[in-house]
Amino acid sequence: MEDELWLTAREAAELTGVSVVTVYSWVRRGHLKVEGLDHRGQKLFRHLDVARAEMATRAKAKRVLVPAA
């Protein structure tokens, strides 16, 4: 666990190119789990979990946004 990369919501948003509001919506929808708090009390997320949440939501968006033939 020591070698894992931890991200705040802002860092996760910057990494994935979404807003902080979107990161928290992933949490609310169950796509992303808060794994802890940093020394300032900010929520922390595992880098791998952030990547999985992004992939899951972007894959779903592609299915929804495909134009009908």
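The values are calculated or read from the model by the stated rules, or taken from the named source; none is laboratory data. Nothing here was measured: the structure is a model prediction, and the numbers come from that model. Cβ sites come from the backbone with ideal geometry, for glycine too, and all protein chains shown count toward neighbours. Remember, those area values only see protein heavy atoms, side chains included, never the ligands or the DNA or RNA. Shrake-Rupley method; radii C 1.70, N 1.55, O 1.52, S 1.80 Å.
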Margin query: Can you find, within region 11-34, the residue that is nearest to PHE45 (Cα to Cα) among those that are open to solvent by 60 Å² or more (accessible area, probe 1.4 Å) and not in a helix (DSSP H, G or I)?
Written below: LYS33
Check: Is it the case that region 3-10 has a residue that's among the hydroxyl-bearing types (Ser, Thr, Tyr), at pLDDT below 95 and either within 13 Å of THR57 (Cα to Cα) or surrounded by 15 or more Cβ atoms within 10 Å (Cβ to Cβ) (or both)?
Finding: no
Notebook entry, point to check: Tally time: how many residues in region 34-51 are of a type in the set (Gly, Ala, Ser) and over 9 Å from the mean Cα position of the chain (by Cα)?
Noted result: 2
